[in-house]
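Data first, discussion second: the structure below is written as structure tokens.
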Amino acid sequence: MKNNKKNYRLVARLQGEALTIGCEEMKRLAADYDRRVASLYAQERNEDRRAHLASVEMERKGDFLWACGARVLAMRAYLEAEKLALDGRYYDHERGLYPAGELYHRSRELAQKIHRCAAADRRLLQLVDTYQISARLQRR
């Protein structure tokens, strides 16, 4: 005799305007972004293009996690996206080595987004300070 019991598990729910996803499901969906970044590093040969695309994917991961309410994980993804934006080639300018203009501006835009998100949630300020994103470009 077969047991026809079905097991159901709540995966996501909407509370007001906030989307709440189960922890396991959120990790599985976020891992897709990491796989796409890894595949970019395996396939793309142009360093500047790879840095830009990897940064975009990591920012999308941050947007997804932010929407799910995982603010600390989202901030880490945004910080990683900012770091990946500077992962391209460095070109010799009059004052030293700098990334391509597009990547430099992308890094600046992400730094502004990071500071806006940290201002929205004060717990994230310490995390931003540990990464010292504004000082990273000054050293290079």
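The values are calculated or read from the model by the stated rules, or taken from the named source; none is laboratory data. The structure presented is a predicted model; accordingly, all values stated were derived computationally and were not measured. All Cβ positions, glycine included, derive from the backbone under ideal geometry; neighbour counts span all protein chains shown. For accessibility, only protein heavy atoms count, side chains too; no ligands or nucleic acids. Shrake-Rupley method; radii C 1.70, N 1.55, O 1.52, S 1.80 Å.
Below is a table of values for the structure above.
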{"quantity": "Pair list, Cβ < 7 Å and 6+ apart or interchain, from the stretch 65-82 residues that are more than 16 Å from residue 120 (Cβ to Cβ) to residues that are assigned to a helix (DSSP H, G or I) and hydroxyl-bearing (Ser, Thr, Tyr)", "calculated": "81/55; 82/107"}
{"quantity": "All positions within the stretch 14-26 that are open to solvent by 80 Å² or more (accessible area, probe 1.4 Å), at pLDDT 75 or above and among the charged types (D, E, K, R)", "calculated": "24"}
{"quantity": "Any hit, the stretch 120-129, residues being at negative phi, among the β-branched types (Val, Ile, Thr) and modelled with pLDDT under 85", "calculated": "yes"}
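Residues are listed down the side, and each one gets a yes or a no for (1) in a helix (DSSP H, G or I); (2) small (Gly, Ala, Ser); (3) crowded, with 21+ Cβ neighbours inside 10 Å:
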{"site": "50", "(1), (2), (3)": "yes, no, no"}
{"site": "56", "(1), (2), (3)": "yes, no, no"}
{"site": "62", "(1), (2), (3)": "yes, yes, yes"}
{"site": "67", "(1), (2), (3)": "yes, yes, no"}
{"site": "75", "(1), (2), (3)": "yes, no, yes"}
{"site": "78", "(1), (2), (3)": "yes, no, yes"}
{"site": "81", "(1), (2), (3)": "yes, yes, yes"}
{"site": "84", "(1), (2), (3)": "yes, no, yes"}
{"site": "88", "(1), (2), (3)": "no, yes, yes"}
